[in-house]
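Enquirer: Have a look at this one.
The values are calculated or read from the model by the stated rules, or taken from the named source; none is laboratory data. All of these numbers come straight from a predicted model, not from anything done at the bench. A quick note on method: Cβ atoms are made from the backbone with ideal geometry, for glycine too, and the neighbour counts reach across all protein chains shown. Please note that ligands, DNA and RNA were not included when accessible areas were found on the heavy atoms of the full protein model with its side chains. Shrake-Rupley method; radii C 1.70, N 1.55, O 1.52, S 1.80 Å.
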Amino acid sequence: MSDFASLLGNLQHSAASLSKRQGCDDDDKHSRAKKRGRKIDAKDFPPVEKIFLLCPAGVQTGGPEALHQLCDQLNRITNIPSYMVYVVSEGNGVSFASRAKMPAAYRSYKS
């Protein structure tokens, strides 16, 4: 398994654990909406105020570059501030790489 796949798996595990601890169960909320006979739409969610894109720190491949390009485009065409957040794999989860710097190859992107 690649380092990125491992990091992604750890991130999914961490997010699921956090959601359960905070009592967030979107699947249950959506199931209730469907049982009431209505479709789920944007009104079911709060407005988006910021976007944080998680990216493995120190990795320069197509995936992280695509994330930087997405962040760049979100900042250019929306009024929603978008940010890159660099993370590292740590045990069974991920942690923020607070000292990580944007790779030089991606500096042309507004992220």
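Enquirer: Net charge around Asn75, counting only other residues with Cβ within less than 15 Å of its Cβ (Lys, Arg = +1; Asp, Glu = -1)? Present the calculation step by step, with values, prior to reporting the outcome.
Expert: Values: positive: Lys50, Arg76, Arg107, Lys110; negative: Glu49, Asp72.
Residues near Asn75 contribute +2 overall.
Enquirer: Shifting gears a bit: Run the numbers for Lys43 and Gln69: contour at 0.36 nm per residue of separation, minus the present Cα-Cα distance, in nm. Can you show the working numbers first?
Expert: Working: separation 26, 0.36 × 26 = 9.36 nm, distance 2.82 nm.
Stretched out fully, the Lys43 to Gln69 stretch lengthens by 6.5 nm.
Enquirer: Please compute the modelled spin-label separation between Tyr83 and Lys110, points set 7 Å along Cα→Cβ, answer in nm with one decimal.
Expert: My value for the distance between the label points is 1.8 nm.
Enquirer: Using a probe of 1.4 angstrom, how much of the accessible area of the range 35-111 is carbon and sulfur, in percent? Walk me through the numbers on the way to the answer.
Expert: Details: 3000 of 5490 Å².
Looking at the range 35-111 in its full context, I get 55 percent from C and S.
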